[in-house]
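See below for the structure under consideration.
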């Protein structure tokens, strides 16, 4: 049976990130980021080329699923809500309701999750990736909730330490 995990970048080092993936039996990482880079030296390991190299060395597959990435407009909507609440992206605990509704309607609903699921490995876990530490603060929670509800896939949240 296919299993899904959710993981962010924040809170991990490159080493602890790979350890968490390996420990969870992840065989494929699905990158749901629009921009596959993270600012700052602490997270340089998560920039696309470095991350893909580290994953290959750990024998973990990689796939960029750009169609599930939020648009720039949607990200800006969330940033405005973050500003209104006085929280930074790294401290967000929940998605703005308008963001969640629009992401679902504009991106998730038209996307063929069935085709994605059909291409997932059956002998290992597929992990969905974005940057936020907590899935509730990230669009990946909307994706994993749909995978669970519509496709019956169990979802685990992989968090740092």
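When only alpha carbons of the chain are considered, Rg and Dmax amount to 14.9, 44 Å.
Place a point 7 Å from Cα of residue 150 in the direction of its Cβ. Which residues in region 47-89 have their backbone N less than 13 Å from it? Label zone hits: 68.
Is it possible to state the helix-based mean residue ellipticity at 222 nm for the chain, with each DSSP H run of 4+ residues giving -39500 (n - 2.57), the sum divided by total residues, to the nearest 500 deg cm²/dmol? What is it? All intermediate terms of the calculation are to be shown ahead of the outcome.
Details: 6 runs with 59 residues, N = 161.
So the helix-based figure for the chain works out to -10500 deg cm²/dmol.
When you restrict to C-alpha pairs under 8 Å that are six or more residues apart and normalise by the size of region 15-149, the relative contact order lands at 34 percent.
With R₀ fixed at 41 Å, the C-beta to C-beta distance from residue 72 to residue 15 puts the FRET efficiency at about 0.85.
Here the calculated FRET efficiency for residue 124 and residue 84, from their Cβ-Cβ distance with R0 = 41 Å, stands at 0.50, rounded to the nearest 0.05. Mean-square fluctuation check for the chain, GNM, Cα pairs under 10 Å: which of 35, 140, 84 is largest? Comparing 35, 140, 84 in the GNM, the peak value goes to 84. Across 105, 39, 50, mean-square fluctuation computed from a Gaussian network of the chain (C-alpha pairs under 10 Å connected) peaks at 39.
How would you classify region 25-77 from its alpha-carbon gyration tensor, with a ≥ b ≥ c the square roots of the eigenvalues: rounded for a/c under 1.5, else prolate if a/b is greater than b/c, otherwise oblate? Cα axes put region 25-77 in the oblate bin.
Based on the mean of other Cβ atoms within 10 Å per residue, sort peptides 24-32, 142-150 so the most packed one is first. Walk me through the intermediate numbers first.
On the way: 24-32: 20.4, 142-150: 17.3.
Top to bottom by mean Cβ count within 10 Å: 24-32, 142-150.
Comparing Cα centroids, region 144-161 and region 1-33 end up 12 angstrom apart.
Residue ranges 110-118, 126-134 sort as 126-134, 110-118 when ordered by packing (mean number of other C-beta atoms within 10 Å per residue, highest first).
Each value in this text was obtained by applying a stated rule to the coordinates, not by laboratory testing. Since the structure is predicted, the reported quantities are computational estimates derived from the model, not experimental observations. No Cβ is skipped: glycine too gets one built from the backbone with ideal geometry, and neighbour counts run over all protein chains shown.
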